[in-house]
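The values are calculated or read from the model by the stated rules, or taken from the named source; none is laboratory data. These numbers were taken from a predicted model, which means no experiment stands behind them. We place every Cβ from the backbone using ideal geometry, glycine too, and count neighbours over all the protein chains shown. Just so you know, the surface numbers come from the protein's heavy atoms only, side chains and all, with ligands and any DNA or RNA stripped out. Shrake-Rupley method; radii C 1.70, N 1.55, O 1.52, S 1.80 Å.
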Amino acid sequence: MEELSAGPLVPAVVKPEASRAAAADTGASAAASGDTFPASTSEPDRDFLCPICMQIIKDAFLTACGHSFCYMCIITHLRNKNDCPCCGHYLTNTNLFPNILLDRLLKKTSARQISKTASPVEHFRQALQKGCDVTIKELDTLLSLLAEKKRKMEQEEAERNMQILLDFLHCLRKQKVDELKEVQTDLQFIKEDINSVEKHRMDLYRARDRYSVKLQMLDDSGGRKSWHSSLDKSSSGLISSPLNLRRGGLSSGSHTKKNDGKSQINSHGHGVQRRDAVTGSDSPHINQSGLALVRKKRVHTQFNDLQECYLQKRRHAADKPHSQQEREMSLISREGYSAGLEDFQSVLTTFTRYSRLRVIAELRHGDIFHSANIVSSIEFDRDDDLFATAGVSRRIKVFDFSAVVNEPTDAHCPVVEMSTRSKLSCLSWNKYAKNQIASSDYEGIVTVWDVTTRKSLMEYEEHEKRAWSVDFSRTDPSMLVSGSDDCKVKVWCTNQEASVLNIDMKANICCVKYNPGSGNYIAVGSADHHIHYYDLRNISRPVHVFSGHRKAVSYVKFLSNYELASASTDSTLRLWDVKENLAVRTFKGHANEKNFVGLTVSSEYIACGSETNEVFVYHKEISKPLTWHRFGSPDMDDAEDEAGSYFISAVCWKSDRPTILTANSQGTIKVLVLAA
């Protein structure tokens, strides 16, 4: 979407007061240069002013008609006209004469005024220049007075400098004391948390030992029982052996051998399967220690961000007053643990759990070299059983997720396919009616489809330009909202043929989203670089406008009822608190300057595309990427050229699971899963 360029500035109108102020400034500058009388004289004699420049006359010249002017002023005037500026009589350069008397008078007057305002030092300097007689004793007296004055001035200057230095040191000490108090408080938090964690770890060790003893006792009792049962079986076998021999002991023996062979094969097969399940290593202990080492490395890699997260949560928990019930529940859940430590442990666990994105399925449809394969939107349905894709191919394709993941082929056929008149920009499944899906297209049409019948239920054509976004309400299944390049946000009801609410804005609308906890609030991302948060019960002005992005806001998504994520073409993601109207965090790492690259959120993770043909995953508490995955094409040899040609165009999490659907501008769809 093109950015609106700033227009020319409107010129300001000059007011009369400003003109008078400018004239006063001109007069003041003239006085500073000695061309006018000081402030002690209320107004200079008009006879001393040049009728042309209205300033004190310089190099006075007299005309034949008796008027005096500045020499340069009258000469400049006579170059254009041959008349007197005062009376209009004929005048040439030959009729100009020096006005010596007026010059002397002006010089004496100027000297008198200067002497009135001159300092004693200036008077003394002038007296010495004129040859005034001064005795040695008088000079000594003057020198002593000057020395005393100098010492006094130096003393005052030193006191001022010391006061400035003292003020600086006091300010620095206060700042460092505050920092020390903060560090001491943080150290106290860390000390308390270390004690709590150590205590809890010892409890876990004791519990593990108790479980080990119980398991050993169970194994021992089970071993004795099996030993007795084996003796009984062997004795019964010896007693009945003649009967067995009569019935064909050879066949039974061969049968026993076959069973033993089958049991060995099954046991070995089970062992192989178990090794594969545990990251492909023979020893679970080695695997666990290796995973622990990898997770520790992740902690050290993002140590500064994790430290900031820990201190922020710990301080916030300490400053936030807790009710007695909350304290009791906290003590019951984990004795000694603070709320901040529990929150940070959750962050640390979810952040270090995964380190990469693994491809579990890949889907290609259509001609991979055709530009019309760009997938603009990809969304899961209510139950995560189906997912739909839409883009510039003018088709909505619905796929069975389990079939895509479990069947090895990459040429999956959609279970449902619906054609549209225009290129599609966005999809939104109804979270109550599983068979309903809404779409927005490049002609500004918002359509509600029935996936079962493959027909449109409603078509809304009120938008005048391309509609970029549409979203169903999670609390009211009959309501949906859309935003368009016509700078309008429209709210629709599936039971009515016209929009039920309109919001006119000043810039193009790039994205709209309902708050998942309330059908009364929507977030609107705009080309004016802002996010407008509206209460639909009062649309006269937004509840809050979130500022911070430097370019158009391309996506907005809610992580919870109070957490809002946004994406922009300034190559950043931002997290906002819509309850407190605060900016929480900025995420950087991906590249996005011109395209819609997708944005999706879960309760803990945020994922987006990049114009480098990569998918980036962020943890909501850490500003740097958790991991990323680059799309590759086996049909292209140069990866750099591919990265510059293609970009990620759509992403979607599968509810709160570590599975994510991704699509790029080449038409390739990948199912990725977060892995350790």
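Report yes if some residue within segment 60-69 is surrounded by 15 or more Cβ atoms within 10 Å (Cβ to Cβ), aromatic (F, W, Y) and modelled with pLDDT of 90 or more; otherwise report no. Checked against the condition, which is being surrounded by 15 or more Cβ atoms within 10 Å (Cβ to Cβ), aromatic (F, W, Y) and modelled with pLDDT of 90 or more, segment 60-69 yields at least one hit.
Of all residues in segment 591-606, those being open to solvent by 30 Å² or more (accessible area, probe 1.4 Å) and over 15 Å from the mean Cα position of the chain (by Cα) number 5.
A quick yes/no check of all residues on (1) out of contact with any His (no Cβ under 6 Å at 6 or more places or on another chain); (2) modelled with pLDDT under 85; (3) open to solvent by 40 Å² or more (accessible area, probe 1.4 Å):
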position	(1), (2), (3)
C53	yes, no, yes
I74	yes, no, no
H77	yes, no, yes
L91	yes, no, no
N99	yes, no, no
A118	yes, yes, no
G131	yes, yes, yes
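One residue is enough: does segment 336-350 have a residue meeting the conditions of a type in the set (A, V, I, L, M, F, W, C), open to solvent by less than 60 Å² (accessible area, probe 1.4 Å) and at pLDDT below 85? Looking for residues that are of a type in the set (A, V, I, L, M, F, W, C), open to solvent by less than 60 Å² (accessible area, probe 1.4 Å) and at pLDDT below 85, one finds at least one in segment 336-350, hence yes. Consider segment 436-450 and keep the residues that are in a strand (DSSP E or B) and small (G, A, S). The one that is farthest from C426 (Cα to Cα) is A438. When segment 540-590 is limited to residues that are of a type in the set (K, R) and assigned to a loop (DSSP other than H, G, I, E, B), the one that is least open to solvent (accessible area, probe 1.4 Å) turns out to be K551. Among residues of segment 648-675 that are part of a loop (DSSP other than H, G, I, E, B), those with a Cβ under 7 angstrom from a residue that is surrounded by fewer than 24 Cβ atoms within 10 Å (Cβ to Cβ) and of a type in the set (D, E), sequence gap 6+ or separate chain, pair up as K654/D384; S655/D384. Screening segment 70-170 for helices (runs of 4 or more DSSP H) wholly inside it with 3 or more residues that are in contact (Cβ under 8 Å) with a residue 12 or more places away in the chain returns the ranges 71-80, 100-117. The residues of segment 607-626 that are in contact with an Asp or Glu (Cβ under 9 Å, 6 or more places away or on another chain) and buried (at least 22 other Cβ atoms within 10 Å of the Cβ), listed by number, are N613, H619, K620, E621.
Looking only at residues in segment 557-605 that are touching a Lys or Arg at 6+ places or on another chain (Cβ under 6 Å) and of a type in the set (A, V, I, L, M), which one is nearest to K654 (Cα to Cα)? Restricting to residues being touching a Lys or Arg at 6+ places or on another chain (Cβ under 6 Å) and of a type in the set (A, V, I, L, M), the top hit is V601. Of all residues in segment 364-379, those satisfying the criterion of being open to solvent by less than 20 Å² (accessible area, probe 1.4 Å) and either modelled with pLDDT of 95 or more or in contact with a Cys (Cβ under 6 Å, 6 or more places away or on another chain) (or both) are S377, I378.
Taken as a whole, segment 627-639 holds at least one residue that is among the polar types (S, T, N, Q) and either modelled with pLDDT of 90 or more or open to solvent by less than 50 Å² (accessible area, probe 1.4 Å) (or both).
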